Amino acid sequence: MADVKDILVPDIGDFEGVEVIEIMVSPGDTISVEDPLVSLESDKAAMEIPSPDAGTVKEIKVSIGDKVSQGDLLVTMEVSETEAAPVAEVTADEPERAAPVPAVEPEKPAAPAPAKAPAHRPPPVAPTPVDEAGFRKAYASPSVRKFARELGADLGQITGSGNKDRILKEDIKAFVKKALTSGSTGGLGVAPMPEIDFSQFGDIETQPLTRINKLTGQFLHRNWVTVPHVTQFDEADITELEKFRKQLNEEHKNEGIRVTVLAFLMKALVSALKEYPRFNSSLDASGENLVLKKYIHIGVAVDTPDGLVVPVIRDCDRKSLIELANELIEASIKARDKKLSPADMSGGCISISSLGGIGGTAFTPIVNAPEVAILGVSRAQMKPVYKDGEFVPRLVLPLSLSYDHRVIDGADGARFTSFLSKVLSDTRRLLL
């Protein structure tokens, strides 16, 4: 006996009013669990909504172009109990019944049995319980979902490398490989964080992370553990630069143009990357070749209410100071209005993280891989500088350059920041 069931939009995070861009089933279609029903796309991501049950599609309740949110009706289905039953085999409450992560197979009984496993054999890796909510929200095709089920891999913990962050089979293999290695002496071997009931110590409030927070956290964690970081600190005397900047803003105030120190930093980075092209490179996937780039695209970190995003300003070597200033304003507005596309945040050669508007004296920014360097900037301060036999007040800008030590050695890191300091201290050098 088949039951008619309404299939609703599941929890899709912070998104509301997401556009339906593709309907992937038709009335009368027989579908299985995890088969895609519709594809949705927001300003930040695209995702397929999988079927939570197996059965026959009865009626489509949305059209292409419709805006939907969590809880909206998508389709109605005739669900067979016998068809839907296998879903229980892979629920989060019974992870041991799902296909486990491939670990070292236990040795078959033999006579005599060895006293202990060989020293080179890593210990078995226990299957990780699958978070079904995160698994369903993950952006992956049905075949990839099936592959993940077979390996017992939690899609909610995997970062996709495909188009629009779609999870590929290669991403699952890498995830499983990491899980296997982490149990051996060759991996990180980091113990999981303990689960603590913080309410036992006092009142608490739980706030879910935004999608940007989660993605940023995954990328930063990956970059921190895979890139050997070194940070070089330096200072630049920007007293004359600041006078020139204020003069430019006064000259262009009727045009609504506002030039910030960031625009000068971008011009200085263009000069530095031309002088030291190794900083404008990336390691290839094998880690054995260096890809030197002939273009200069610079990413600028923007703080938004939902988290940090890094829009990329393209062809900075071909643009004037005023053009860069205007594009920085436009990129910041798009970032805060959640209108940045994946293309707007890709292809960067080096990034700038500026905390000058907030404060601080120095920090250690994390390299935005596959870039090999990132420039951190703190708040400029008036300092006494010994010049021509006396101490004079000068406006000094702190610079913090983090770089990938596999590509850049310490001497070049120091040369790079010294070059930046020299260019920023004398704006005439930006013309060279």
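Every number here is computed from the coordinates shown, using simple stated rules; none is lab data. Note that the structure is a prediction, hence the values are computed from the model and not measured. Glycine also receives a Cβ, built like all others from the backbone with ideal geometry; neighbour counts cover every protein chain displayed.
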Quiz item: If you take the beta carbon distance between K173 and I60 as r and set R0 to 35 Å, what does 1/(1 + (r/R0)^6) give as a FRET efficiency, to the nearest 0.05?
Solution: 0.50
Exercise. Sort T361, T206 so that the residue with the fewest other Cβ atoms within 10 Å of its own Cβ comes first and the one with the most comes last.
Key: T206, T361
Quiz item: Listing H297, H221, H405 from the residue with the fewest other Cβ atoms within 10 Å to the one with the most, what is the order?
Solution: H221, H405, H297
Practice problem: Using the Karplus curve 6.51 cos²θ - 1.76 cosθ + 1.60 with θ = phi - 60°, work out ³J(HN,Hα) for each residue of the range 256-264 in order, rounded to whole Hz, and write x for Gly and Pro. | Solution: x, 8, 10, 8, 9, 4, 4, 4, 5
Exercise. With r as the distance between the Cβ atoms of F233 and K387 and R0 = 22 Å, compute the FRET efficiency 1/(1 + (r/R0)^6) and round to 0.05.
Key: 0.55
